[in-house]
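Notes to accompany the following structure.
The values are calculated or read from the model by the stated rules, or taken from the named source; none is laboratory data. None of these values were measured; they are calculated from a predicted model. Because the Cβ atoms are built from the backbone with ideal geometry, glycine has one as well, and the counts that use them run over all protein chains shown.
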Amino acid sequence: MKRRTIAAVIAGVAVLGAGVLSIPRPTTLSEHVNGDAALIEQVHGMLPSGPFDRMSVAVIESDDVRVANFGSDSETEYEIGSVTKTFTGSLYAIALERDEVKTDSTLGELLGVTGAAASITMEELATQHSGLPRLPISPSMLLRSMIANFSGADPYTDDLDGLIAEASKTSVDEEKPFLYSNFGMALLGHALAAAANTDYSSLVKERVLDELSLSNTFAPTELPEGAPTGYGANGRPADAWTLAAYGPAGSIRSTLSDMTTYIVAQRDGTAPGVEATEPRRESGESEIGYAWFTSDGSVVWHNGMTGGFASFVGFDRESDRAVVILSNSAVSLDDLGFALVEGEQ
C-alpha cells in the first residue's frame, strides 16, 4: 500500500547501532505478558519477524483503552526515535501562535547559518521540504556511522555549533522536493528554542510535556548510568542514544502511559500545537503537516527508530481509533501499526 512505501523511506532516525558484544540476543517477544488477552493474541498474530524482546501496545477506541505489555508495563521507558519530530512540529505550531517566528523566518535569522542553507524557512523545515539531505554528507558523519554499525554507539555527537557549521557548508537542493531530513528537523528544533531564548529540552518540557502532564517523558541531554537500552535489528545490543544536537529529530524517551495520553490529545484536538497534524504539502505518496504524515486521507501517524528501539503512533480521523506501539528492538513496527489503527484482525 502507498503508505507502506513512505513509511519505509522515513523509518525514523537512521538505524546505525548494531553492537558486536557476545551477549545473549533476544529471539522472541517476552512471554511475560499483561493486559488485554485479545490484543495480546492479535499482536502475536501480526508480529513481523525479528529479534523482539520487550514491547508495549495501546489501542484506543473512543474512551476505551486496551493495552498489551510484553516483558514490560505501561511505565517502561523507551526511546521513541523520530516520533520526537511530532513534538518539534507542535513546538513550531505553538511558536507561530505566539508570533515568535513566521513561516518565512530563516535559519540565517534565527541560528546564524550561512551559505545556501541560510535562506531555508521554518515552514520548509517543518514540512520536510528544506532541500537539506537526510544527514550531513561529510567524512565525519560517514566515519561515525560506520563505527556505530559495529559498536552500537550513538553516532549523533555534534554539538549545536557543530550542527550549525555543517548546515553552513551544506549544499541545498534548490527545487526543495519532499526529502525526509533528520538534519533539517534538528535545525528547526534549535531555531525554535533560539526564538524563545531557551534550549530545546526546556522548550519541549514547558510547552508540551508539562501541558499534557507527561511526567515520564523527556528529551535528554545526558542519561544516567544504567539507562534502558535495546537491540539492533540483528539482535545485538545497542547503546542508549541522546543524539546531542540532533535531539529535536529523535531523542525523546517516554512510556506507553504517557504516549497514550499524547496520541489521544492529538486525536481529540486538545494537544498544544495540534495544528501540526493538519496536512499541508505532498510527501511522496502521503501528505505532511508539521512533521505528522497523513495517509489514505485520514490516518495521521509517525514512526521512529534508533539503534535499539522502534515506535509507531497514529490515529484515524474517521474512526477515532488511535494506536501506540513501543519496542526495545530496532525492527519496523509500521505494518503492525497501520493494521491496528485501521482495525484489521
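Residue by residue, here is whether (1) within 15 Å of THR242 (Cα to Cα); (2) not aliphatic (A, V, I, L, M) holds:
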{"residue": "LYS169", "(1), (2)": "no, yes"}
{"residue": "PHE178", "(1), (2)": "no, yes"}
{"residue": "ALA196", "(1), (2)": "no, no"}
{"residue": "GLU206", "(1), (2)": "no, yes"}
{"residue": "LEU209", "(1), (2)": "no, no"}
{"residue": "PRO220", "(1), (2)": "yes, yes"}
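Inside the stretch 50-59, can you point out the residues that are assigned to a strand (DSSP E or B) and either of a type in the set (S, T, N, Q) or surrounded by fewer than 21 Cβ atoms within 10 Å (Cβ to Cβ) (or both)?
Keep residues of the stretch 50-59 that are assigned to a strand (DSSP E or B), which gives 55-59.
Within the stretch 50-59, SER56 is the sole residue that qualifies.
Please go through the stretch 118-134 and give me each residue that is outside any strand (DSSP E or B) and either surrounded by fewer than 24 Cβ atoms within 10 Å (Cβ to Cβ) or free of Cβ contacts under 8 Å to residues at least 60 places away in the same chain (or both), ordered by number.
Going through the stretch 118-134, the residues outside any strand (DSSP E or B) turn out to be 118-120, 122-134.
Passing the criteria: ALA118, SER119, GLU123, GLU124, SER130, GLY131, LEU132, PRO133, ARG134.
Collect the residues in the stretch 145-163 that are touching a residue at least 40 places away in the same chain (Cβ under 8 Å), surrounded by fewer than 21 Cβ atoms within 10 Å (Cβ to Cβ) and in a helix (DSSP H, G or I), keeping them in residue-number order.
Hits for the stretch 145-163 are SER145, ASN149, PHE150, SER151, LEU160, GLY162.
Could you identify the single residue in VAL331, VAL313 that is modelled with pLDDT of 95 or more and in a strand (DSSP E or B)? Reasoning before the result, please.
On the way: VAL331 fails: in a strand (DSSP E or B).
Residue meeting the stated conditions: VAL313.
Out of the stretch 51-74, which residues are of a type in the set (D, E, K, R) and under 19 Å from the mean Cα position of the chain (by Cα)? Break it down stepwise before answering.
Pass one, the stretch 51-74, residues of a type in the set (D, E, K, R): 53-54, 61, 63-64, 66, 73.
ARG54, the sole residue that qualifies.
State the number of residues belonging to the stretch 316-340 that are surrounded by fewer than 24 Cβ atoms within 10 Å (Cβ to Cβ), of a type in the set (A, V, I, L, M, F, W, C) and more than 18 Å from the chain's Cα centre (by Cα).
Summing the residues that are surrounded by fewer than 24 Cβ atoms within 10 Å (Cβ to Cβ), of a type in the set (A, V, I, L, M, F, W, C) and more than 18 Å from the chain's Cα centre (by Cα) in the stretch 316-340 gives 1.
Residue-wise test of (1) assigned to a helix (DSSP H, G or I); (2) touching a strand residue (DSSP E or B) at 6+ places or on another chain (Cβ under 8 Å).
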| position | (1), (2) |
| --- | --- |
| ALA38 | yes, yes |
| PRO48 | no, no |
| LEU91 | yes, no |
| LEU96 | yes, no |
| VAL101 | no, no |
| GLU109 | yes, no |
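Which residue, of ALA271, ALA249, is assigned to a loop (DSSP other than H, G, I, E, B) and in contact with a helix residue (DSSP H, G or I) (Cβ under 9 Å, 6 or more places away or on another chain)?
Numbers: ALA249 fails: assigned to a loop (DSSP other than H, G, I, E, B).
Checking each option against the conditions leaves just ALA271.
Going through LEU256, LEU243 one at a time, which residue ends up being closer than 22 Å to PHE70 by Cα, touching a residue at least 24 places away in the same chain (Cβ under 8 Å) and either within 13 Å of the chain's Cα centre (by Cα) or buried (at least 24 other Cβ atoms within 10 Å of the Cβ) (or both)?
Values: LEU243 fails: closer than 22 Å to PHE70 by Cα.
After ruling out the rest, the residue left standing is LEU256.
Of (1) part of a loop (DSSP other than H, G, I, E, B); (2) over 16 Å from the mean Cα position of the chain (by Cα); (3) crowded, with 21+ Cβ neighbours inside 10 Å; (4) not acidic (Asp, Glu), LEU203 satisfies all except one. Which?
(1)
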